[in-house]
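Data first, discussion second: the structure below is written as structure tokens.
The values are calculated or read from the model by the stated rules, or taken from the named source; none is laboratory data. Just so you know, these numbers come straight off a predicted model, no measurement behind them. Reconstructed Cβ throughout: ideal geometry from the backbone, glycine too, with neighbour counts over all protein chains shown.
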Amino acid sequence: MNTKLLAVGLVSAAFAWVAPGVYAQHAGEMKAAVHRSDKIRWKAGPPSLPPGAEFAVLEGDPSKPGPFVFRVKVPDGYRIPPHVHPKPERVTIIKGTFHLGMGETFDASKGETLPAGTYGVWPAGMKHYVWVEGETVVQFHGEGPWVIEYVNPDDDPRKKK
């Protein structure tokens, strides 16, 4: 009998640990939310990124305070000029090859190669730039609002017509 109770307790504890990962916060209440890769609805944007990016919000609202999860899908050769974020950035490379360089000037001869499966976190205010090889999908999560500020204001796609 004690063995059965222990087994039930272990299964319950495991579910309590895993279950929060499959729920999303919506309008103050928890609802189940599962996002299968082949069912994600991609949209153009966001306008803060150079043209060609697609975007899918999986949880929360990245433009508002609170937790969020979103994915960005970009084509081969996509680049994001040097920029910063006012909050720490947390990313997981889902597909493709993501290159991360540090500094105020884009230099593809420098940087670190982050293959699919890599998780990275960098501090608020870190000047960095990105380029990819192959179609690349990256998942971002953190506390909103998510903001990108370009080192060179002329690189900001929101200012281009």
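Among the listed residues LEU49, LEU114, which satisfies the condition of being hydrophobic (A, V, I, L, M, F, W, C) and under 17 Å from TYR150 (Cα atoms)?
LEU49
Check whether at least one residue in segment 41-50 is modelled with pLDDT of 85 or more, in contact with a Phe, Trp or Tyr (Cβ under 7 Å, 6 or more places away or on another chain) and among the charged types (D, E, K, R), and report yes or no.
Among the residues of segment 41-50, at least one is modelled with pLDDT of 85 or more, in contact with a Phe, Trp or Tyr (Cβ under 7 Å, 6 or more places away or on another chain) and among the charged types (D, E, K, R), which makes the answer yes.
Within segment 30-65, can you find the residues that are in contact with an Asp or Glu (Cβ under 9 Å, 6 or more places away or on another chain) and loosely packed, with under 13 Cβ neighbours inside 10 Å?
Of everything in segment 30-65, those that are in contact with an Asp or Glu (Cβ under 9 Å, 6 or more places away or on another chain) and loosely packed, with under 13 Cβ neighbours inside 10 Å turn out to be LYS43, ALA44, PRO65.
Considering only segment 41-68, state which residues are part of a loop (DSSP other than H, G, I, E, B) and more than 23 Å from TRP131 (Cα to Cα). Steps first, please.
Taking segment 41-68 as the starting set, the residues that turn out to be part of a loop (DSSP other than H, G, I, E, B) are 41-42, 45-53, 60-65.
ARG41, GLY60, ASP61, SER63, LYS64, PRO65 - these are the residues of segment 41-68 that are part of a loop (DSSP other than H, G, I, E, B) and more than 23 Å from TRP131 (Cα to Cα).
Quick check, is GLU149 surrounded by fewer than 15 Cβ atoms within 10 Å (Cβ to Cβ), touching a residue at least 40 places away in the same chain (Cβ under 8 Å) and closer than 22 Å to HIS35 by Cβ? Let's see the steps before the verdict.
Numbers: surrounded by fewer than 15 Cβ atoms within 10 Å (Cβ to Cβ): yes; touching a residue at least 40 places away in the same chain (Cβ under 8 Å): yes; closer than 22 Å to HIS35 by Cβ: no.
No.
Looking for something in contact with a helix residue (DSSP H, G or I) (Cβ under 7 Å, 6 or more places away or on another chain), more than 29 Å from ALA32 (Cβ to Cβ) and surrounded by 13 or more Cβ atoms within 10 Å (Cβ to Cβ) - is there at least one such residue anywhere in segment 112-132?
no
So, ARG71, is that one part of a loop (DSSP other than H, G, I, E, B) and not hydroxyl-bearing (Ser, Thr, Tyr) or not?
No: the conditions fail for ARG71.
Quick one: ALA108 ticks every box in (1) in contact with a His (Cβ under 9 Å, 6 or more places away or on another chain); (2) surrounded by fewer than 16 Cβ atoms within 10 Å (Cβ to Cβ); (3) more than 20 Å from PRO157 (Cβ to Cβ) bar one, so which box is it?
It fails just one condition, (3).
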